[in-house]
Amino acid sequence: MSLDVPDLDRVVREIADEMRARPDRGEVATYIPELAGADARAFGLVVIDAEGRIAAGGDSDEPFSIQSISKVFTLTLALGMAGDRLWRRVGREPSGSPFNSIVQLERERGIPRNPFINAGAIAVTDLILSGHQPREAIGEILRFMQFLAQDSSIAIDEAVAASELRTGFRNMALAHYMKSFGVLDNPVDFTLGVYFHHCAISMSCRQLAQAGRFLAHSGRNPLTGLSVVSPERARRINAVMLTCGHYDGSGEFAYRVGLPGKSGVGGGILAIAPGKASIAVWSPGLDASGNSHLGRIALEMLTKRLGWSIFGA
Ligand code: GLU
């Protein structure tokens, strides 16, 4: 369904107004101390359509910690470096487990189920790090985000990275465990340092929606006209987002929203309507699976009203 700009603007603004007024906002993540201070009343939504028209509502220019949404972009970078060899060290099946679960790793001999659970993302980060100093790898990931969003102001929130470096014991356990199976090539501290830093990238909904546009348009960023990945790779990244992008809430997200999407514990979600739009939403309160509570509800309303679910109206 194609909409004229006023319609899309109106839908986005109505949803943002409704979300800002709702009392049920979920729980802000506190296990990374620096995230605990996020304002649960915040809500932002940005949709960028195929023509580049931007519909924005709420706190659309407020930067937030993108956390696990960064895993979409590290997966893209790692596939560019290693191609299909990447799939030797990480699977691409939904885990049905929480984002930081360790149980599957033992059964599957250190090979994480997919690149979006923490263990999988740490393995992907390790691949990006190989042959580089940690600082260079962090710079490479940050520059990739800036390039995609065409915005050099995008930065890492060092306080968030430091907070996770101090308290990320579960991720340290996952990384050491994978190292024991020979899945990581680099010193664990180096790999985790890069992982915590890319999770700590701060972006607004507007910047994030821009950065995701290549996934909505067969691998080409319409903003620059440059091809980021092949159409086939974009399709496959979207497939992994659909099946694994919301941890053990991925089935529910597909059922309710019907779009490839990736959430982060900072409360953001990047959702892709293939051929139509790149969408970013942010509300810091999370549901029991660690996904943005109002973010998911807002996307469900949006896809329903616009008929954008990939599974039909
Ligand atoms: N940096 C977070 C962690 O590793 C990311 C989790 C998330 O956003 O889901 O715990």
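Where a number appears in this text, it was derived from the coordinates with a stated rule and is not lab data. On a predicted model such as this, the values are computed, not experimentally measured, just so you know. Don't worry about glycine lacking a Cβ; one is built from the backbone with ideal geometry, like all the others, and counts go over all protein chains shown.
Given a 10 angstrom Cα cut-off, can you work out which residue in 225, 139, 96 is the most mobile in a GNM of the chain?
Comparing 225, 139, 96 in a Gaussian network model of the chain, the most mobile one is 225.
Give the order of 76, 30, 125 when sorted by the count of other beta carbons within 10 angstrom, beginning with the fewest.
Details: 76 20, 30 12, 125 32.
Ascending number of Cβ neighbours within 10 Å: 30, 76, 125.
Kindly put 308, 87 in sequence by how many other C-beta atoms sit within 10 Å of each C-beta, fewest to most.
Taking fewest neighbouring Cβ atoms as first place, the list is 87, 308.
For Cα pairs less than 8 Å apart in space and 6+ apart in sequence, what is the mean separation divided by the residue count of the chain, i.e. the relative contact order in percent?
Normalised by residue count, the contact order of the chain is 26 percent.
Please give the calculated 222 nm ellipticity per residue for the chain, where each DSSP H segment of at least 4 residues contributes -39500 (n - 2.57) and the sum is spread over every residue; nearest 500 deg cm²/dmol?
Only helices count here, giving -14000 deg cm²/dmol.
Of the residues 18, 34, 158, which exhibits the maximal mean-square fluctuation in a Gaussian network model of the chain defined by a 10 Å Cα contact cut-off?
18
Residues of the range 173-216 with backbone nitrogen within less than 16 Å of a virtual label 7 Å along the Cα-to-Cβ line of residue 153, please, listed as ranges.
202-211
Describe numerically, in nm with one decimal, the distance between label points set 7 Å from Cα along Cα→Cβ at residue 81 and at residue 93.
Here the modelled spin labels are 2.7 nm apart.
Test of understanding: ordering 19, 301, 172 by Cβ neighbours within 10 Å, fewest first, what list do you get?
172, 301, 19
Find how much the distance from residue 252 to residue 170 grows on full extension, using 0.36 nm per residue of separation minus their present alpha carbon separation; answer in nm with one decimal.
Separation in residues times 0.36 nm, less the Cα-Cα distance, equals 27.0 nm.
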